[in-house]
Amino acid sequence: MADTFHNQDPKFHQGKILEHESDGIQEFDNPMPFWWSAIFWLTIGFAYVYFTYFVIGVGASVQREYQVDLGVFYQEQFGKLGELKPIPATILKLSSDPKMMKAAQGLYSANCVVCHAADGGGLTGPNLCDNEYINVKNVEDIFKVVSVGIVSKGMPQWSNRFSEPQLVLLTSYVAHLRGTTPAAPKAPQGVSIPPWITK
Ligand code: HEC
């Protein structure tokens, strides 16, 4: 019976037939095209160079480059504002600056959401969006609470983790959450306080 399944064109099989045979099947020795093998060996070579430089050697990782960029960004932002002091004028000025709030959101997301929720609505920690506060009478009090914590009630102390400018940034972020509408607000705790004032 004619073999219609295999390509019978003699030009198609340029290699010689290999020695081995299994279940009556024989193989032609058709090597991969040169360009294909060349790319294959190049990728292996590249992997060695890449690994040696970036993983073992001095090449900067993506994370490190990001950290450096972020550091430069913060420096530029702080440079514009001067030193960040925990005074109401600075805190409230920051809290109305969308760019600074973007930067502050990074700190908040990484450290506060487990207890206060991503939108500040509160979980084990209180809702930070409403007008009721337990330990806060004015905007500077936020700085105190965040710095020192209320350790006995489960609010950690953050002054050993963050520099003063970072604490001021977090304070302004909390101040800016007030008046926003969280998805699942926790019931108010503490007493209602007047709006933030600069003095
Ligand atoms: C492990 C849980 C936890 C984490 C993490 C946490 N908090 Fe709290 N936080 C609490 C608890 C609990 C309270 C309430 C303390 C009390 O009952 O007096 C609180 C209170 C506060 C208050 C005062 C609210 C009020 O009504 O008096 C502020 C402001 C605050 N947290 C900000 C932050 C910020 C900013 C971060 C991140 C840097 C943070 N918290 C991280 C648990 C946490």
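Across the chain, how many lysine pairs separated by 8 or more positions, or lying on different chains, have Cα atoms within less than 25 Å? For the chain, the number of qualifying lysine pairs is 26.
Given their separation in residues at 0.36 nm each and the Cα-Cα distance between them, Gln157 and Gln67 gain 30.0 nm when the chain is fully extended.
Extent of the range 126-171 along its three principal axes (Cα atoms, max minus min coordinate, largest first): 28, 22, 14 Å.
What 222 nm value per residue comes from the helices of the chain, counting each DSSP H run with n ≥ 4 as -39,500 (n - 2.57) and dividing by all residues, nearest 500 deg cm²/dmol?
Taking each H run of at least 4 residues, the total per residue is -13500 deg cm²/dmol.
Considering only Gln105, His20, Ile142, and ranking their Cα positions along the charge dipole of the chain that arises from unit charges at the beta-carbon of Lys, Arg, Asp and Glu, the one farthest toward the positive end is Ile142.
The charge dipole of the range 105-197, taken about its Cα centre with unit charges on the Cβ atoms of Lys, Arg (+1), Asp and Glu (-1) only, comes to about 140 debye.
Taking Lys and Arg as +1 and Asp and Glu as -1, the other residues whose beta-carbon sits under 13 Å from that of Glu19 total -2.
Using packing as a proxy for protection, rank 54-63, 138-147, 167-176 so that the peptide with the highest average count of other Cβ atoms within 10 Å comes first.
Ranked by mean Cβ neighbours within 10 Å, highest first: 167-176, 138-147, 54-63.
Heavy-atom surface analysis with a 1.4 Å probe gives the chain a carbon and sulfur content of 64 percent of its accessible area.
With a probe of 1.4 Å, find how much accessible area the chain has per residue, and write the answer as a whole number in Å².
Accessible surface, normalised per residue, equals 70 Å².
Nearest 10 degrees is fine. How inclined is helix 164-177 to the longest principal axis of the chain, computing both from alpha carbons? Approximately 80 degrees, to the nearest 10. Convert 10 °C to kelvin, take the viscosity as 1.306 mPa s, use the Kirkwood radius over C-alpha pairs of the range 17-56 as Rh, and evaluate the Stokes-Einstein diffusion coefficient in µm²/s, rounded to a whole number. Roughly 122 µm²/s, to the nearest whole number. With only the Cα atoms considered, the range 132-199 has a convex hull volume of 105 Å³ per residue.
With charges only on Cβ, +1 for K and R and -1 for D and E, what is the dipole size of the chain about its Cα centre, in debye, rounded to 20?
On the way: 15 positive and 18 negative charges, 344 e Å.
Computed charge dipole of the chain: roughly 1660 debye.
Taking the square roots of 5 times each eigenvalue of the Cα gyration tensor of the chain, largest first, gives ellipsoid semi-axes of 66, 23, 15 Å. For the chain, the longest principal axis of the alpha carbon atoms and the long axis of helix 139-148 meet at an angle near 60°.
Any chance you could give the angle, 0 to 90 degrees and rounded to 10, that helix 34-50 forms with the longest Cα principal axis of the chain? Roughly 30 degrees between the two axes.
The values are calculated or read from the model by the stated rules, or taken from the named source; none is laboratory data. In this text the structure is predicted, and so the values were computed from the model without any measurement. Every residue, glycine as well, gets a Cβ built from its backbone with ideal geometry; the counts of neighbours run over all protein chains shown. Quick note on the areas: whole protein, heavy atoms, side chains included, nothing else; ligands and nucleic acids left out. Shrake-Rupley method; radii C 1.70, N 1.55, O 1.52, S 1.80 Å.
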